[in-house]
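Taking it in order: structure first as structure tokens, then the write-up.
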Amino acid sequence: MFTREVNDAIYLRMLSARDADALFSLTDNSRSYLRKWLSWLDDTMSADDSLQYIKHTFYAYNNRQGIHAGIFYYGELVGVVAYHRLDYTNRIGAIGYWLGEEFQGKGIMTEAVSSIVTYGFEGLRLNRIEIRVAPENTASRAIPERLRFTEEGRLRQAEKLYDTYVDHIIYSMLAEEWKVK
């Protein structure tokens, strides 16, 4: 099971069934804030829905398709960071993340993403890591920019977000670049 200490305040660990209530509560308390950028919120209406997500993360992990981890800040679940796609043939990983509204602005996500990027290059032996973000999602775009990812371009209408399509800005980091940072 994936676990990773980020610093004295933050650690990452795969979620388990015992986290379903906390995950649903975190999601529900930040629903209006998160809904602007996350299309799955309308499918998460109960702790059982969160439990189904957690079960899916174990399927992805066991089949080497992804690694989803809860972000814990002083022991409290505050968000999720994930390799939602892993391509071991080409050594590419794609990262996604979200943080509860009340935990924004504390540097938690920057630290969590930095740690999982390091794990991707050192532990998973990836060569390339991607982050895709809607252009208007300035809070999420700030993460790869702070970590000095390269902005590669725009994918037009890359995601259906409720009743509209949004573009994605694609950022990347290569193993050889991360080592010199």
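Remarks
- Value in Å of the Kirkwood radius, where the stretch 3-178 supplies the Cα pairs that are averaged: 16.5
- The share of alpha-carbon pairs in the stretch 37-137 lying farther apart than 23 Å comes to 29%.
- Sparse-neighbourhood loop sites, trypsin sites (Lys or Arg not before Pro) in the stretch 1-101 - DSSP loop, at most 15 other Cβ within 10 angstrom: 35, 36, 64
- The trypsin sites (Lys or Arg not before Pro) of the stretch 103-167 that DSSP puts in a loop, and whose beta carbon has at most 15 other beta carbons within 10 Å, are 106, 125, 148.
- In the chain, the calculated helix contribution to ellipticity at 222 nm averages -9500 deg cm²/dmol per residue, counting -39,500 (n - 2.57) for every DSSP H run with n ≥ 4.
- FRET efficiency for residue 13 and residue 63, using Cβ-Cβ distance with R0 set to 22 Å, rounded to 0.05: 0.70
- Compactness index (Cα Rg / 2.2 N^0.38 Å), the stretch 84-181: 1.09
- Loop sites by DSSP among the chymotrypsin sites (Phe, Trp or Tyr not before Pro) of the chain, restricted to those with at most 16 other Cβ atoms within 10 angstrom, leave 89-161 as the longest stretch without any of them.
Computed from the coordinates by the stated procedures, all read-outs in this text should not be read as laboratory data. In this text the structure is predicted, and so the values were computed from the model without any measurement. Quick reminder, even Gly has a Cβ in these numbers, built from the backbone with ideal geometry, and neighbours come from all protein chains shown.
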